[in-house]
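Undergrad: What follows is a structure written as structure tokens; I'll ask about it next.
What follows is calculated from the coordinates using simple rules that are stated; it is not laboratory data. Everything quoted here is computed from the prediction, not taken from an experiment. When we count neighbours, we look across all protein chains shown, and the Cβ atoms used for this are built from the backbone with ideal geometry, even at glycine.
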There are 2 protein chains.
Amino acid sequence: MNLILLYEEDFAGPNTVRLQGRRLKHAIDVLRPAAGDGLTVGLLNGPVGRGTITSISPDALEMAVVLDREAPSPLPLTLILALPRPKMLRRVLLSSASMGVKKICLINAARVEKSFWKSPLLGKERLQEQLLPGLEQAEDTLMPEVLLRPLFKPFVEDELPAIITNTLALVAHPAEEENCPREVDRHVTLAIGPEGGFIPYEIEKFVSLGFRQISMGRRPLRVETVVPALLARLF
Amino acid sequence: MNLILLYEEDFAGPNTVRLQGRRLKHAIDVLRPAAGDGLTVGLLNGPVGRGTITSISPDALEMAVVLDREAPSPLPLTLILALPRPKMLRRVLLSSASMGVKKICLINAARVEKSFWKSPLLGKERLQEQLLPGLEQAEDTLMPEVLLRPLFKPFVEDELPAIITNTLALVAHPAEEENCPREVDRHVTLAIGPEGGFIPYEIEKFVSLGFRQISMGRRPLRVETVVPALLARLF
């Protein structure tokens, strides 16, 4: 937690906050600060700044805060991700959020196991809980939007054309000859398949909309590895 | 497991192998192949090829193998990594191995918790067990070498100068102005610090040897995210 995320309801006055629960526990167990110490803070979906501790006890952490900087720039990318298994989803949400992705569409594909869609981790609050550590890690405040699209065909035919308008649309497919482009200076829509990849029908659907097939080379990588790799290659 | 790794002792004849244990279980539970099916196989530290199943039962999987391709090229990179916590180490070893890293030095640093060095996961066999899924994922066969260096100063002063000779030596440090270089065409030595980063004394030691400080930008990232990101940016 490199930044403590603040909510409107934390404010006891215009520039003073009072924290309890998870953030207090983290401060006491990990940061171990004393009155007078400064911590990096940020308002959810708002600016970033500094909190100076006025009091800390097992009951509450109180700070005087100055929020005077913008959050880091979002990554100009929409991530279309075949729903991974829950454990992997958690790690991909965290790493994507920490790298600045602000829109993630979790979609179905032939090789996505049906049971993954029943995971309680896909609830709106549970998704935000998984994204939060990514924001705190990267000193960011802007909560990403996550869309769930459990039907492949309606998503691709009805929604995807609008999503990719004015973007560079790429679908990652291991062993494709074209390497992932570097230092792209426009918005990217990046589709990444499930373990085992998209099936040919799915790839054809993406290609028919104008997606280019790209890869990180000959080595098939896990989704948790390929996501940070592709984002770092693109921007 | 995109490739089944074979050992010399698996060979019942010059071109026939017989597998039991973990690999047989994986074949039965996940791949569910039948006699006549082909699987990608590779000989540990040797070539890659194809195995055709001649028989499969709960007791053993037998294949006729043809090993006729080279393993994918190694990444020209030596990774110097401040020892992460065991759970994170496992993921970093897997992703590094899958991306083709062949030499990893796990080193001490002021912000590495002493207890991490006592982890049973640092035993030679346990390290190989953690690297293996990375090789199987990426259809690679060449086992990376992992060195443990629990003393920072002797490592940096006595060993590191030889390691960085004729390489581009980089130390990752969040918030550094210089962005990680792209498409490097020479061998790289890349040092990555612990959670919280290297302390100034450690950075000075790296810089005094000729390391350049680089970063992935303003966002501090977790080691499991920054490793694939930096490797993808560099090559």
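Undergrad: Order these peptides, B:146-154, A:35-43, by their mean beta-carbon neighbour count within 10 angstrom, highest first.
TA: Highest-to-lowest ranking by the protection proxy: A:35-43, B:146-154.
Undergrad: Residues in the range A:47-70, backbone N under 16 Å from the label point at A:Thr16 (7 Å along the Cα-to-beta-carbon vector): list them, ranges by number please.
TA: Counting backbone N atoms under 16 Å from the label point, the list is A:51-57, A:60-66.
Undergrad: Residues of the range B:95-116 with the amide nitrogen closer than 13 Å to a label point 7 Å from the Cα of B:Leu151, along Cα-to-Cβ, please.
TA: Answer for the range B:95-116: B:108.
Undergrad: For the modelled label position 7 Å from the Cα of A:Ala110 along Cα-to-Cβ, which residues of the range A:173-210 have backbone nitrogen atoms closer than 15 Å?
TA: A:193-207
Undergrad: Sticking with this structure for a sec: Run the dipole for the range A:4-69 about the Cα centre, Lys and Arg Cβ at +1, Asp and Glu Cβ at -1, nothing else charged, and hand back the magnitude in debye, nearest 20.
TA: Roughly 180 debye, rounded to the nearest 20.
Undergrad: Using +1 at the C-beta of Lys and Arg and -1 at the C-beta of Asp and Glu, which of A:Leu160, A:Ile199, A:Ile104 has the Cα lying farthest in the positive direction of the dipole of the range A:77-234?
TA: Value computed over the given set: A:Ile199.
Undergrad: Can you put A:Asp29, A:Asp10 in order of Cβ neighbours within 10 angstrom, beginning with the fewest? It would help to have the intermediate numbers written out before the result.
TA: Numbers: A:Asp29 8, A:Asp10 20.
Arranged by neighbour count, lowest to highest, A:Asp29, A:Asp10 become A:Asp29, A:Asp10.
Undergrad: What distance in nm separates the simple spin-label points at A:Arg69 and B:Gln128, each placed 7 Å from Cα in the Cβ direction?
TA: Here the modelled spin labels are 4.7 nm apart.
Undergrad: Just tell me how shielded A:213-220 is by partners: mean number of partner chain Cβ atoms within 10 Å of each residue's Cβ, no decimals.
TA: Taking all residues of A:213-220 together, the mean is 5.
Undergrad: Sort the following peptides by mean Cβ neighbour count (other Cβ atoms within 10 Å, averaged over residues), highest first: A:80-93, B:61-74. Please list the in-between numbers first.
TA: On the way: A:80-93: 21.1, B:61-74: 17.0.
Packing order, densest peptide first, comes out as A:80-93, B:61-74.
Undergrad: For the range A:137-235, which trypsin sites (Lys or Arg not before Pro) are in a loop by DSSP, counting at most 16 other Cβ atoms within 10 Å?
TA: A:Arg182, A:Arg186, A:Arg218
Undergrad: Do the alpha carbons of any pairs in B:Lys25/B:Lys103; B:Lys103/B:Lys124; B:Lys114/B:Lys153 sit beyond 21 Å of each other, and which pairs?
TA: Checking Cα-Cα distances, B:Lys25/B:Lys103 exceed 21 Å.
Undergrad: May I pose another question? When the dipole is taken about the Cα centre of the range B:39-88, and only Lys, Arg (+1) and Asp, Glu (-1) are charged at their Cβ, what size is it in debye, to the nearest 20?
TA: Working: 4 positive and 4 negative charges, 73 e Å.
Result for the range B:39-88 is approximately 340 debye, rounded to the nearest 20.
Undergrad: Any idea what angle helix A:86-99 forms with the longest principal axis of chain A, computed on alpha-carbon atoms, 0 to 90 degrees, nearest 10?
TA: Once rounded, the angle reads 70 degrees.
Undergrad: Restricting to bridges with both residues inside chain B, how much of the DSSP beta-bridge set is antiparallel, in percent to the nearest 5?
TA: Numbers: 19 of 46 bridges.
DSSP beta bridges in chain B are roughly 40 percent antiparallel.
Undergrad: For A:134-140, what's the mean count of beta carbons from other chains sitting within 10 Å of each residue's beta carbon?
TA: Counting other chains' Cβ atoms within 10 Å and averaging over A:134-140 gives 4.
Undergrad: Evaluate the relative contact order of chain B (contact order divided by residue number), counting alpha-carbon pairs under 8 angstrom at least 6 apart; express in whole percent.
TA: 20
Undergrad: Report, by chain and number, residues whose modeled amide H sits under 5 Å from the one on A:Arg212, excluding near sequence neighbours (fewer than 5 apart, same chain).
TA: For A:Arg212, whose amide H was placed from the backbone, the distant partners under 5 Å are A:Ala169, A:Leu170, A:Val171.
Undergrad: With θ taken as phi - 60° and the coefficients 6.51, -1.76 and 1.60, list the Karplus ³J(HN,Hα) couplings across the range B:11-18 in order, rounded to whole Hz; mark glycine and proline as x.
TA: So the J values, rounded to whole Hz, are 7, 8, x, x, 10, 10, 10, 9.
Undergrad: Using the count of nearby Cβ atoms within 10 Å as a rough guide to exposure, how do B:Glu9, A:Glu202, B:Glu145 rank from fewest to most?
TA: Values: B:Glu9 8, A:Glu202 24, B:Glu145 13.
The most exposed by this proxy come first: B:Glu9, B:Glu145, A:Glu202.
Undergrad: Check which residues have an amide H placed less than 5 Å from B:Ala110's amide H, if you skip close sequence neighbours.
TA: Those qualifying (amide H under 5 Å, at least 5 residues apart or on another chain) are B:Ile199.
Undergrad: Determine the shielding of peptide B:58-66 by partner chains: average, over its residues, the number of Cβ atoms on other chains within 10 angstrom of each Cβ. Write out the running numbers ahead of the final one.
TA: Details: counts 0, 0, 0, 0, 0, 0, 0, 0, 0.
The mean count of partner-chain Cβ atoms within 10 Å per residue comes to 0.
Undergrad: How would A:Met143, B:Met99 line up from fewest to most surrounding beta-carbon atoms within 10 angstrom?
TA: A:Met143, B:Met99
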